[in-house]
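Below is one structure, written out as structure tokens; the observations come after it.
The values are calculated or read from the model by the stated rules, or taken from the named source; none is laboratory data. As the structure is a computational prediction, the values presented were derived from the model and not from experiment. A quick note on method: Cβ atoms are made from the backbone with ideal geometry, for glycine too, and the neighbour counts reach across all protein chains shown. For accessibility, only protein heavy atoms count, side chains too; no ligands or nucleic acids. Shrake-Rupley method; radii C 1.70, N 1.55, O 1.52, S 1.80 Å.
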Amino acid sequence: MGSFRLSSGGLIDRCKRLNFTFDGESFQGFAGDSLASALMANGRMLMGRSFKYHRPRGPITAGAAEPNALVELRSGGRKEANTRATMVELHEGLEAKSQNRWPSLGFDVGAINSLASSIFVAGFYYKTFMWPKSFWEKIYEPLIRKAAGLGAASREADPDRYEKSYAHCDLLVIGSGPAGLMAALAAARSGGRVILADEGSELGGSLLFEREEIGGKTGLEWARGVIAELASMTNITLMPRTTIFGWFDGNIFGAVERVADHVAAPTHNEPRQRYWRIIAKKAVLAAGAEERPIVFGGNDVPGVMTASAMRHYANRYGVAAGHNIAVFANNPSGARSLRDLRAHGLNATAVDHPIINVKGGKGVKAAVLAGGHDIPCDAIAVSGGWSPIVNLMCHRGTRPVWNEKLAAFLPPDVGAEFVAAGSANGKMLLSECLTDGAAKGTLKGKPPAVPKCKDEAYAISPLWWVKESKGKAFVDYQNDVTVKDLPLAAREGYNHIELAKRYTTAGMATDQGKLGNINAIAILAEATGKTIPEIGTTTFRPFYTPVSFGAFAGPFTGKHFQPVRKSPLHQWGEEQGAVFVETGLWMRSSWFPRKGEDWLAAATREVKATRNGVGLCDVSTLGKIDVHGKDAGRFLDILYCNTFSTLAVGKARYGLMLREDGIVMDDGTTSRFAEDHFVMTTTTANAAKVMSHMEFVHQALFPELDVTYTSVTEQWAQMAMAGPSARATLNKIVDGAKLDDTNTPYMAAREISILKGLPARLFRISFSGEHAYELAVPADFGNGVARALMQAGKEFGIMPYGIEALSIMRIEKGHVAGGELNGTTTAGDLGLGKMMSTKKDYIGRVMAGREGLVDPKRQVVVGIRPVDKRDRLRAGSHLLTRGQSPSLANDQGYITSVAWSPMLNMWIGLALLSDGRNRKGEVVQVFDGLRNHHMLAEICEPMQFDPENRRLHA
Amino acid sequence: MGPGFRRDDDLGSNLIITCPHCGARPVEEFTFLGDAKPQRPTSNDPSSMEQWFDYVYLRDNPKGRIDEFAHHSGGCRAWLVVTRNTETHEVHGTVTAKDYAVRAKKSGR
Amino acid sequence: MLRESPLKDVVRAGRYGADKGAPGVTLSVVHPLSLVMVIARKGKAKAAKESLTAMRGATVMWAGPDQYYVKGAEAAALKKKLGDAASIIDQSHGRVMFRISGPKSRALLAKGTPVDLHADEFPIGKSAVTQMAHVGAHLTCTGKDDFELSVFRGFSESFWEWLTEQALEFGYQVN
């Protein structure tokens, strides 16, 4: 085997050797190589096994359309499957593995499928694995997955960072070949904001490998001159290594920039990839055209590749695909390859008859021509013509248009905001590409002058497949679809292209038919007696090439999956040893364990200390909304089912808010600080929803109201002070007159001053059932005031308590919360039906009166307690009439909240029970389906502790 | 408005909506609430139940133009009415829900 | 009692990220902050705007329809000045403001906001309410490459972590 690295030429740096491994074996390449070119230079044409038959495969392209040379890169958390070796930039230490083979690339047991290929025809899976049904999960599916899978994803976490960014431009140019460069130059010179993106590692597109002459220079020199000019301008952004993967509504383009895929690992400061959303006023598709193969027997043997790929490897990478090359083409690309390959001293010959078969297994030995004679060769260059890369322009549903003369689908007219230029637009001459690019890139004024160049005439005589072919002739390499599969699909009734695609799998997977689709369409056309445009294409969808999940997730993973929201008292909570629990985005202090305590022991202690002395709880996360304006009271009357316009200044009132369908939405206290100023509170969970709701009700339903509302949740640190010593503790920090029942009676709301001049809002309200207050101070003072209160309350045994203790106390008091305000309950269900005003319009009023919502058999809130006090109630348990078996028909309701009550010394709960108000004292059967546990419990009043509310006023 | 809120996630980069206050913004800054045409009944009499039922539950699902509530929740927080084509995704125009409501009340619809 | 920044233990002065000469961006936290929201009452939009425009020594930033953030004026003083033309809501503690400047400030902010920040589209003095890293943000251009950005206080730490991570590639200075 002679050397495959040509002695000279190419854009590689022969002074810079790079070490890499493939399947564990060490190789060397040069800087500027792709993984595919470096492997070929080392005589390794075999790079993968095919999907179904496990046939040996080598690269057939030198670019993004590569269906065969799919490899796995790197290892551990950085492992990436299904990357195209043709697009991978070689770098020092690159680690690559072949896929889809077992035990090794050279000897693959799965290749036996090829011998049994008569049963592996199109639709094989559908036909074979139909029955028995029970075999699917255990036998068929695992078997298919093991045999048919492409690369496997890593199970380790990806250690690299990914970013996201937006970009805006007047013109986005996609592709940096002759048309793209000309378009970018025209736009940039006219002063527009331009982005030029190209998926390649280097800008230049086809000029990096085609031998052209532009303006008296080589095409490459011309390209480099243009790129240098563009790079010197401030109004253009050059984005190499960036794939535009999709076109979306609003002329937004999705793109992935491979920031650090060309090195072994990104530095700490850079991401591996960046996901871009490019908002473009206008865009030019200059993605070029894809050379398509001709379908003939053995056209997948490693060493068969497109004619342009073969000269790409020779001209750009200085690599020969073989030394004796047969060239089979129906258009001038064949002659071009002959010229270039011969210029490199290679022996290249055009075949005089179509190739019907290829001799050789893991490499080409000879081409068998129609008429029977063989041409010995070690590589075959093939060209069936060119397909403009129209994908992006079809992503919004428009279909490409057939052009008979070029035997190709051209991009559709999708309007002025996205146009095609150059060979993507069916311009097959270089001068046309330059002129088209200049015209499409010009944002204002006249297009710039286009340099002179030498054109090579273009003509094509369509040839899709060689009918005399012997052996397997592949239409879709990646999915192992042969020329026989499509007529079979048609015969079996799958004659629509979309059906045939799914039946045969042609054009699926990462390849998406970039190479094979048009041949598949042509073959199906003949099989069904239709024309190619009658058959049409399948639907083009994003993504043009696969995009990693990491790029989609961006920086929003792990801890930053969603933003974390911290209370202004977070630090105080930390000082007190809080365990924080996520509640929506908030981190809330849930309990404050002491040595040896679990959550229950801690919460129990916190409840006892609060009920016996005083407790301090962070309630800053409750939604707080300042409502201002002449119509503030009226607005609240509309929002809540009870009335607020009558609330006296200096007072607080509990409110219940319904949805328009009559179901309860939220609750909370609202206080009045002035005629035109209320402060509303919402539950933590519903704060954002309530705000949106208020905005809707005002702006869309009652725009005539003079009212404003602003979230002040974050402005105020708010603490609940509860327990018999709450007032005494507060009085130690209040300025001026001390708090008493006259100046601060139950449900008072006041603006006061504490700690020698700090402004504060004080509310005498209680969720715990204790004599309690809520104190709000500007957030920057929160931790300081909480510390001062801890100091002041020391003599009363002050105890920090978390939302677990809060929850226990509210269950003891029968107050409803999230478990009961669960989106199915009405005010009546909650025992709050009397709050519903009959004197005013409010959201939900009429719908709350629907038959089903006032049905006396509805499940309503009741208290529940075990008959045997040692039994533990479990939330979610279902309630049954005593003696009945658990079934849907027998279901009477369920337990919504439970707590271990330190005051009552047993598990208690709240439940929703059918006709519950008339069942107080009844013993019901409790069924916990999760644990298959039955017990008996008694239905009681929701308020199980201090039912006379004596402690509120104590 | 409880149920029915739909928030577009990060992947669906599509529509651009021109907020009358903020200018052109991508769809991910908005939250949608469906057809804006139904008008809230003015009567609270139980006999108006059928009207209420229509208002709360019945929505047209037209192929073509629709006036749709959009909340600029990731921006100025104004409720808007976006007129768009469900078939082509073309956005025909955007007004504030306030102006839309005032106009609807005037026309007595 | 002194005002305590929620970022006092999080933001540390120094030079971070890529070390390619001058930092691409310079970041700092504005604390203590004086920031008041002013919302015109019904029919008073013009009067409110005129009163605000006539104010001296404070910065008025657009913050939504007939809404403004006023930086550097006391809520009480604004209430006196605007009377019943507007609702005055103090957010000095409710929001945390960052200053972002330097040649890469736009590239940094573009990682969060879809707003076009090109100087022609977003000149000095212009404000936008937008979303960055899933957090509502108020953004104002204050100089050639200078911006002020505020978020709700509770998100400030999480937002700072995102912001500084995105600034790594440019190299950043924290003051």
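Per-residue answers, yes or no, for (1) at pLDDT below 95; (2) over 30 Å from A:Gly445 (Cβ atoms):
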{"site": "A:Ala153", "(1), (2)": "yes, yes"}
{"site": "A:Lys164", "(1), (2)": "no, yes"}
{"site": "A:His168", "(1), (2)": "no, no"}
{"site": "A:Gly191", "(1), (2)": "yes, no"}
{"site": "A:Leu220", "(1), (2)": "no, no"}
{"site": "A:Arg224", "(1), (2)": "no, no"}
{"site": "A:Met233", "(1), (2)": "no, no"}
{"site": "A:Ile236", "(1), (2)": "no, no"}
{"site": "A:Thr243", "(1), (2)": "no, yes"}
Legend entry - Residue satisfying condition, being touching a Ser or Thr at 6+ places or on another chain (Cβ under 7 Å), closer than 18 Å to A:Ser807 by Cα, aliphatic (A, V, I, L, M) and open to solvent by less than 30 Å² (accessible area, probe 1.4 Å), within set A:Ala578, A:Ala609, A:Ala603: A:Ala578
Legend entry - Complete set of residues in the stretch A:673-720 that are out of contact with any Ser or Thr (no Cβ under 6 Å at 6 or more places or on another chain), assigned to a strand (DSSP E or B), closer than 30 Å to A:Val614 by Cα and facing chain C (nearest Cβ under 9 Å): A:Ser711, A:Trp716
Inset, instruction - Take the residues in the stretch A:168-200 that are open to solvent by 40 Å² or more (accessible area, probe 1.4 Å) and part of a loop (DSSP other than H, G, I, E, B), then tell me which one is nearest to the other protein chains (Cβ to nearest Cβ). - result: A:Arg193
Inset, instruction - Among the residues of the stretch C:39-61, write down those that are in contact with a His (Cβ under 9 Å, 6 or more places away or on another chain) and assigned to a strand (DSSP E or B). - result: C:Ile39, C:Met61
Legend entry - the stretch A:347-376, subset free of Cβ contacts under 8 Å to residues at least 60 places away in the same chain and in contact with a Ser or Thr (Cβ under 8 Å, 6 or more places away or on another chain), residue surrounded by the most Cβ atoms within 10 Å (Cβ to Cβ): A:Ala348
Inset, instruction - Return a yes/no flag: does the stretch A:553-567 have any residue that is assigned to a helix (DSSP H, G or I) and either over 30 Å from A:Gln715 (Cβ atoms) or in contact with a Cys (Cβ under 8 Å, 6 or more places away or on another chain) (or both). - result: yes
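Table: residues versus (1) under 26 Å from A:Ala64 (Cβ atoms); (2) outside the structural domain of A:Leu196 (by TED's automatic domain parsing).
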site: A:Lys446; (1), (2): no, no
site: A:Lys452; (1), (2): no, no
site: A:Arg491; (1), (2): no, yes
site: A:Ala500; (1), (2): yes, yes
site: A:Thr505; (1), (2): yes, yes
site: A:Met508; (1), (2): yes, yes
Legend entry - Within the stretch A:504-525, tally of residues that are surrounded by fewer than 22 Cβ atoms within 10 Å (Cβ to Cβ), in contact with a helix residue (DSSP H, G or I) (Cβ under 8 Å, 6 or more places away or on another chain) and in a helix (DSSP H, G or I): 1
Inset, instruction - Kindly provide the set of residues from the stretch A:852-882 that are within 24 Å of A:Leu930 (Cβ to Cβ) and acidic (Asp, Glu), ordered by number. - result: A:Asp868, A:Asp871
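Looking at this structure, is A:Phe51 surrounded by 22 or more Cβ atoms within 10 Å (Cβ to Cβ), touching a residue at least 24 places away in the same chain (Cβ under 8 Å), not assigned by TED's automatic domain parsing to the domain that holds A:Glu221 and not in a loop (DSSP other than H, G, I, E, B)?
For A:Phe51, the condition - surrounded by 22 or more Cβ atoms within 10 Å (Cβ to Cβ), touching a residue at least 24 places away in the same chain (Cβ under 8 Å), not assigned by TED's automatic domain parsing to the domain that holds A:Glu221 and not in a loop (DSSP other than H, G, I, E, B) - is not met.
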Inset, instruction - Count, please, the residues in the stretch A:425-443 that happen to be closer than 20 Å to A:Lys454 by Cβ and either acidic (Asp, Glu) or out of contact with any strand residue (DSSP E or B) (no Cβ under 6 Å at 6 or more places or on another chain) (or both). - result: 10
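In the stretch C:3-13, is there at least one residue being at negative phi, in contact (Cβ under 8 Å) with a residue 40 or more places away in the chain and among the basic types (Lys, Arg)?
yes
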Inset, instruction - Please determine, by comparing only the residues of the stretch A:536-588 that are away from chain C (no Cβ under 14 Å) and of a type in the set (S, T, N, Q), which one is nearest to the chain's Cα centre (by Cα). - result: A:Ser548
Inset, instruction - Considering only residues that are of a type outside the set (S, T, N, Q) and away from chain A (no Cβ under 14 Å), look in the stretch C:22-45 and name the one that is most open to solvent (accessible area, probe 1.4 Å). - result: C:Ala22
Inset, instruction - Could you look through the stretch A:624-643, keep only residues that are within 12 Å of chain C (Cβ to nearest Cβ) and outside any helix (DSSP H, G or I), and pick out the one that is surrounded by the fewest Cβ atoms within 10 Å (Cβ to Cβ)? - result: A:Lys630
Legend entry - A:Gly793 vs. criteria within 14 Å of another protein chain (Cβ to nearest Cβ) and under 17 Å from A:Leu616 (Cβ atoms): no
Inset, instruction - Among what's in the stretch C:46-72 and is out of contact with any helix residue (DSSP H, G or I) (no Cβ under 8 Å at 6 or more places or on another chain) and hydroxyl-bearing (Ser, Thr, Tyr), pick the residue that is surrounded by the fewest Cβ atoms within 10 Å (Cβ to Cβ). - result: C:Thr53
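Go through the stretch A:360-413 and tell me which strands (runs of 3 or more DSSP E), entirely inside it, have 3 or more residues that are under 13 Å from A:Val327 (Cα atoms).
A:366-369, A:379-383
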Inset, instruction - Specify which of the listed residues (A:Ala287, A:Ala309, A:Ala321) is part of a helix (DSSP H, G or I), farther than 30 Å from C:Gln166 by Cα, touching a residue at least 60 places away in the same chain (Cβ under 8 Å) and hydrophobic (A, V, I, L, M, F, W, C). - result: A:Ala309
Inset, instruction - Could you check how many residues of the stretch B:31-57 are more than 8 Å from every other protein chain (Cβ to nearest Cβ) and in a strand (DSSP E or B)? - result: 3
Inset, instruction - State all residues of the stretch B:56-70 that are aromatic (Phe, Trp, Tyr) and surrounded by fewer than 17 Cβ atoms within 10 Å (Cβ to Cβ); if no residue qualifies, say none. - result: B:Tyr57
Inset, instruction - Of the conditions (1) out of contact with any Ser or Thr (no Cβ under 6 Å at 6 or more places or on another chain); (2) within 16 Å of A:Val816 (Cα to Cα), A:Ile908 clears all except one; give me its number. - result: (1)
Inset, instruction - Any chance you could count how many residues in the stretch A:897-937 are open to solvent by 30 Å² or more (accessible area, probe 1.4 Å), under 49 Å from the mean Cα position of the chain (by Cα) and over 22 Å from A:Ala805 (Cβ atoms)? - result: 11
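Assess whether A:Gly883 counts as being small (Gly, Ala, Ser), out of contact with any His (no Cβ under 8 Å at 6 or more places or on another chain) and at pLDDT below 95.
For A:Gly883, the condition - small (Gly, Ala, Ser), out of contact with any His (no Cβ under 8 Å at 6 or more places or on another chain) and at pLDDT below 95 - is met.
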Legend entry - Selection within the stretch A:671-700 - under 23 Å from A:Val846 (Cβ atoms) and of a type outside the set (Gly, Ala, Ser): A:Asn686, A:Lys689, A:Val690, A:His693, A:Met694, A:Glu695, A:Phe696, A:Val697, A:His698, A:Gln699
Inset, instruction - Would you please name the residue that is nearest to the chain's Cα centre (by Cα), looking only at residues in the stretch B:58-80 that are within 8 Å of another protein chain (Cβ to nearest Cβ) and of a type outside the set (Lys, Arg)? - result: B:Phe69
